[in-house]
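Okay, so here's the structure we're looking at.
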Amino acid sequence: MPARNLHGHVVQVLGQRIVSGELKPGEVLPPEASMAVEMDVSRTSLREAMKVLSAKGLVEARPKVGTRVRDARFWNQLDADVLAWRCSTMPTMDFVDKLSEMREIIEPAAAASAARHRSAAQLKRMQTAFDGMEAAPDPESWTAADVDFHEAILAATGNELLISLFSVIETALSSYFTMSARTASNFKYSLPQHRAVLVAIRDKDAEAAHKAMLKVIADTRENLSNKRRGDKGR
């Protein structure tokens, strides 16, 4: 395995262990030499991996102490890798609740902004994504088109910060949409709500776009909550 892939492998393994809680905050990692042997990598690859994990806020090196795991409040929570690790290890409803809250803060305002600023080309991109949702033959195709639809809305705001934010949370949204599609009896259940968002943005009705997007998010949260209650009742 090339050196670059070796240190990337170490980053993935240790990052997942830290985020999952297998390695606890404050825990001191084993000495460099032992870890290199355990993970079958060179000490150079291990050092490179530690630099990456340190930049993500997951570990810190201290003289006479060694490298230790940092508390979650220091993690770069919007780092793409950290977010992906959290998505894969976080309890399902904890993930749903936190991501739903983030979406409620960001996406309705983004939909309203898109209604005010969208261009004809941007509206066409939303329509294409919506058509993909409508035609999707399975939950995976639906999820891909759904992600495209929400990305197109954020892009239509013309706000570079929001557009950059989407690239960070795309992994989380994809996981979220996949969960919702797979737990619903009809994975296209939210198509009418998405259509309402599209129509409001097409008509440049910011208030209606805001309300419609809130409904999309609320319905997705309810679908997943109903799934949780159903599982508990079994």
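The values are calculated or read from the model by the stated rules, or taken from the named source; none is laboratory data. From a predicted model like this one, the values you see are computed outputs, not experimental measurements. Neighbour counts run over all protein chains shown; Cβ positions are idealised from the backbone, glycine included.
Listed values, structure above:
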quantity: Residue count for the range 122-177, restricted to those that are assigned to a loop (DSSP other than H, G, I, E, B) and under 17 Å from Thr220 (Cα atoms); calculated: 0
quantity: Lone qualifier among Ala114, Ala109 - being surrounded by fewer than 21 Cβ atoms within 10 Å (Cβ to Cβ) and among the aliphatic types (A, V, I, L, M); calculated: Ala109
quantity: Filter pass, Arg103 being assigned to a helix (DSSP H, G or I), within 22 Å of Ser167 (Cα to Cα) and among the basic types (Lys, Arg); calculated: yes
quantity: Residue in the range 222-231 that is assigned to a helix (DSSP H, G or I), acidic (Asp, Glu), in the same structural domain as His117 (by TED's automatic domain parsing) and more than 23 Å from Lys98 (Cβ to Cβ) present; calculated: no
quantity: From Ala72, Ala121, Ala112, residue being aliphatic (A, V, I, L, M) and in contact (Cβ under 8 Å) with a residue 60 or more places away in the chain; calculated: Ala112
quantity: Scan of the range 81-100 for residues that are under 15 Å from Tyr176 (Cβ atoms), assigned to a helix (DSSP H, G or I) and among the aliphatic types (A, V, I, L, M), ordered by number; calculated: Leu83, Ala84, Met93, Val96, Leu99
quantity: Failed item, numbered, when Val41 is tested on (1) over 20 Å from Ser88 (Cβ atoms); (2) of a type in the set (A, V, I, L, M); (3) outside any loop (DSSP other than H, G, I, E, B); calculated: (3)
quantity: Members of the range 54-80 found to be in a helix (DSSP H, G or I), at pLDDT 90 or above and over 15 Å from Lys24 (Cβ atoms), listed by number; calculated: Ser54, Ala55
quantity: Tally, over the range 100-135, of residues that are basic (Lys, Arg) and modelled with pLDDT under 95; calculated: 1
quantity: Of all residues making up the range 186-213, the number that are assigned to a helix (DSSP H, G or I) and closer than 17 Å to Ala152 by Cα; calculated: 16
quantity: Test: residue in the range 139-148 that is buried (at least 17 other Cβ atoms within 10 Å of the Cβ), among the hydroxyl-bearing types (Ser, Thr, Tyr) and without any contact (Cβ under 8 Å) to a residue 60 or more places away in the chain; calculated: yes
quantity: When residues of the range 168-188 are limited to those that are touching a helix residue (DSSP H, G or I) at 6+ places or on another chain (Cβ under 8 Å) and small (Gly, Ala, Ser), the one nearest to Asp79 (Cα to Cα); calculated: Ala172
quantity: Hits in the range 149-169 - residues which are among the charged types (D, E, K, R) and surrounded by fewer than 16 Cβ atoms within 10 Å (Cβ to Cβ); calculated: Glu160
